[in-house]
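**Q** Below is one structure. I have some questions about it.
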Amino acid sequence: MVTYALDSSAVLRFLENEAGARRIEALLQSHFAGKAAVLVSALHWGEVAGYAYKTRGRAAVSSVLQRLIAMGIEIVPVTAEQAIAAAQIKLDYKIPYVDAFGAVIGSAPNHVFVTADFDLKPAAQFGRIEFLPTK
């Protein structure tokens, strides 16, 4: 079974019904059918929470996150090994740390990292990465 790991940009595209939202919806449907798993790292989850706080206010954060959890999106912790690998990719490829972390997630067996963040392109060879369409 394939595991789709969504980054914050993919989740936000879904929430805001922007380019790529239908693809995320299809991944969730596959998840509901038991054909795939969908997860978000705790690191990217925090970015989604920050965006909800900034754009919708403190009171909305919980409802936005609960809506996603109700869809069966699993939140996975960050390991020390992943954090170190992401730091090395960040420095080697001069990309933001959170993007580098996406490359690490995409390198796990049977994982596809789904993102709308094209800063990750320089490190795309580290794993399976699906880029959502540009806006």
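**Q** Is it the case, given these coordinates, that residue 39 is in a helix (DSSP H, G or I), at negative phi and under 13 Å from the mean Cα position of the chain (by Cα)?
**A** Values: in a helix (DSSP H, G or I): no; at negative phi: yes; under 13 Å from the mean Cα position of the chain (by Cα): yes.
In short, no.
**Q** Right, next: Can we say residue 72 is touching a residue at least 60 places away in the same chain (Cβ under 8 Å) and in contact with a helix residue (DSSP H, G or I) (Cβ under 8 Å, 6 or more places away or on another chain)?
**A** Working: touching a residue at least 60 places away in the same chain (Cβ under 8 Å): no; in contact with a helix residue (DSSP H, G or I) (Cβ under 8 Å, 6 or more places away or on another chain): yes.
Considered against the rule, which asks whether it is touching a residue at least 60 places away in the same chain (Cβ under 8 Å) and in contact with a helix residue (DSSP H, G or I) (Cβ under 8 Å, 6 or more places away or on another chain), residue 72 comes out as no.
**Q** Just checking, which of 61, 48 is assigned to a helix (DSSP H, G or I), touching a residue at least 24 places away in the same chain (Cβ under 8 Å) and among the aliphatic types (A, V, I, L, M)? Show your work before the answer.
**A** On the way: 61 fails: touching a residue at least 24 places away in the same chain (Cβ under 8 Å).
One residue alone meets the criteria, 48.
**Q** Residue 58: at pLDDT 95 or above, surrounded by fewer than 22 Cβ atoms within 10 Å (Cβ to Cβ) and out of contact with any helix residue (DSSP H, G or I) (no Cβ under 7 Å at 6 or more places or on another chain), yes or no? Step through it out loud before you land on a result.
**A** Working: at pLDDT 95 or above: no; surrounded by fewer than 22 Cβ atoms within 10 Å (Cβ to Cβ): yes; out of contact with any helix residue (DSSP H, G or I) (no Cβ under 7 Å at 6 or more places or on another chain): yes.
No: the conditions fail for residue 58.
**Q** Cβ contacts < 6 Å: first residue within 18 Å of residue 74 (Cα to Cα), restricted to the stretch 6-30; second residue outside any helix (DSSP H, G or I) and among the acidic types (Asp, Glu), any location; separation 6+ or different chain. Result?
**A** That search, which allows pairs on different chains as well, returns 9/117.
**Q** Okay, moving on. For the stretch 93-135: of the residues being touching a residue at least 12 places away in the same chain (Cβ under 8 Å) and polar (S, T, N, Q), which is surrounded by the fewest Cβ atoms within 10 Å (Cβ to Cβ)?
**A** That would be 134.
**Q** A follow-up question, please. May I ask you to list the residues in the stretch 1-36 that are over 19 Å from residue 133 (Cβ atoms) and in a loop (DSSP other than H, G, I, E, B)?
**A** Scanning the stretch 1-36 gives 1, 33, 34, 35.
**Q** Any idea which of 28, 43 is closer than 21 Å to residue 99 by Cβ, surrounded by 18 or more Cβ atoms within 10 Å (Cβ to Cβ) and not small (Gly, Ala, Ser)? Spell out how you get there, then give the answer.
**A** On the way: 28 fails: closer than 21 Å to residue 99 by Cβ.
Only one candidate qualifies: 43.
**Q** With 37, 86, 19 as the choices, which residue is at pLDDT 95 or above and within 15 Å of residue 106 (Cβ to Cβ)?
**A** The unique qualifying residue is 37.
**Q** Right, here's the next one. May I ask you to list the residues in the stretch 106-123 that are hydrophobic (A, V, I, L, M, F, W, C) and under 17 Å from residue 93 (Cα atoms)?
**A** Step one: list which residues in the stretch 106-123 are hydrophobic (A, V, I, L, M, F, W, C), which gives 108, 112-114, 116, 118, 120, 123.
Correct list: 118, 120, 123.
**Q** Ok, one more. Kindly indicate which of 84, 75 is under 14 Å from the mean Cα position of the chain (by Cα), among the aliphatic types (A, V, I, L, M) and surrounded by fewer than 21 Cβ atoms within 10 Å (Cβ to Cβ).
**A** Details: 84 fails: under 14 Å from the mean Cα position of the chain (by Cα).
75 is the lone residue from the list that is under 14 Å from the mean Cα position of the chain (by Cα), among the aliphatic types (A, V, I, L, M) and surrounded by fewer than 21 Cβ atoms within 10 Å (Cβ to Cβ).
**Q** Here is a further query. Identify all residues within the stretch 83-121 that are in contact with a Ser or Thr (Cβ under 6 Å, 6 or more places away or on another chain) and charged (D, E, K, R); write none if there are none.
**A** The answer is 117, and nothing else.
The values are calculated or read from the model by the stated rules, or taken from the named source; none is laboratory data. The model shown is predicted, which means the values in this text are computed figures rather than measured ones. When we count neighbours, we look across all protein chains shown, and the Cβ atoms used for this are built from the backbone with ideal geometry, even at glycine.
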